[in-house]
Amino acid sequence: MENYQGRYIEYLERFASSNKIHIYLGGSFLRGNATPFSDVDVSAYCGQDKIRDLVYGYGEPVFISGTTKPEGILIVIYEDGVAADLEIIGEIDESRDIFFHREDIKEHLYKRDESIWRTVSLRDDIPYRMSRLFHRSLIKYLAGKKDLGISVANEIVDYLGADIPIDDKNYRKGIEEALNVFGERYPVDGGYREILVKLIGMT
């Protein structure tokens, strides 16, 4: 796979510098143990006026939603397959003139903005938010965290109330069937579905 995550991180660094907003890299890319299927964990202190520019400045998202427990984390998946967990910061004790930080934001006192993601999210209905679990399951499974990937896939099956066994022996067949059943009941946007089909083909 091409290093799209690296390209995205370079974009974040340029955006932070040119807009003078603080962006913190986190997760596996900060720790140095990321895989080609890892999502990019980012925290951004940018305010409502810049969040849309930040999200759309990299490319066209095929999926945008947000977490509800906790609130304040925007989930963005782009057409090239990059997935970002974007934490929106409302307040932080940061005054440095360096704007892109490869350090743990938890070293700072900060407060998450728990509502701003709703201004950018494409949809907020439960089926749409549930559809995000397909991507989460697939990237965890492909990154070697098979038990977690299978567990998340079975959350989808439980939501559907379907009799679709998914385990390590039949993961690919099971999640493919689950996606088909899900798609018959709820719309799955074409660009997002294409990414899921591509990932299923890699399992």
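The table below lists the values:
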| item | result |
| --- | --- |
| Within the range 118-132, considering residues that are assigned to a helix (DSSP H, G or I) and in contact (Cβ under 8 Å) with a residue 24 or more places away in the chain, the one farthest from Ser43 (Cα to Cα) | Pro127 |
| Filter result (among the small types (Gly, Ala, Ser) and farther than 15 Å from Val120 by Cβ) within the range 73-89 | Gly81, Ala83 |
| In the range 21-78, the residues that are farther than 12 Å from Trp117 by Cα and hydroxyl-bearing (Ser, Thr, Tyr) | Tyr24, Ser28, Thr35, Ser38, Ser43, Tyr45, Tyr56, Tyr58, Tyr78 |
| Residue list for the range 67-80, filter: touching a residue at least 60 places away in the same chain (Cβ under 8 Å) and either under 13 Å from Arg132 (Cα atoms) or in a strand (DSSP E or B) (or both) | Thr68, Ile77, Tyr78 |
| Which listed residue is outside the structural domain of Lys145 (by TED's automatic domain parsing) and part of a helix (DSSP H, G or I), from Phe29, Phe37 | Phe29 |
| Subset of the range 182-196 (residues that are in a helix (DSSP H, G or I), more than 17 Å from Ile166 (Cβ to Cβ) and not acidic (Asp, Glu)) | Arg185, Gly190, Gly191, Tyr192, Arg193, Ile195 |
| Matching option when the condition is at pLDDT below 90, of a type outside the set (Val, Ile, Thr), surrounded by 14 or more Cβ atoms within 10 Å (Cβ to Cβ) and closer than 25 Å to Leu196 by Cβ, among Gly27, Gly66 | Gly66 |
| Test: residue in the range 140-154 that is in contact (Cβ under 8 Å) with a residue 12 or more places away in the chain, more than 17 Å from Leu196 (Cβ to Cβ) and under 17 Å from the mean Cα position of the chain (by Cα) | no |
| Among the residues listed as Asp97, Asp147, Asp125, the single one being exposed (fewer than 13 other Cβ atoms within 10 Å of the Cβ) and modelled with pLDDT of 95 or more | Asp147 |
| Flag if Val62 is part of a helix (DSSP H, G or I), under 26 Å from Ile21 (Cα atoms) and within 16 Å of the chain's Cα centre (by Cα) | no |
| Subset of the range 73-91 (residues that are among the charged types (D, E, K, R) and in contact with a helix residue (DSSP H, G or I) (Cβ under 7 Å, 6 or more places away or on another chain)) | Glu79, Asp80 |
| The range 102-117: number of residues that are outside any loop (DSSP other than H, G, I, E, B) and in contact (Cβ under 8 Å) with a residue 40 or more places away in the chain | 5 |
| Enumeration of residues in the range 1-34 that are under 14 Å from Ala83 (Cα atoms) and β-branched (Val, Ile, Thr) | Ile9 |
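The values are calculated or read from the model by the stated rules, or taken from the named source; none is laboratory data. Keep in mind the model is a prediction, meaning the values are calculated, not measured. Note that each Cβ is placed from the backbone with ideal geometry, even for glycine, and that neighbours are counted across all protein chains shown.
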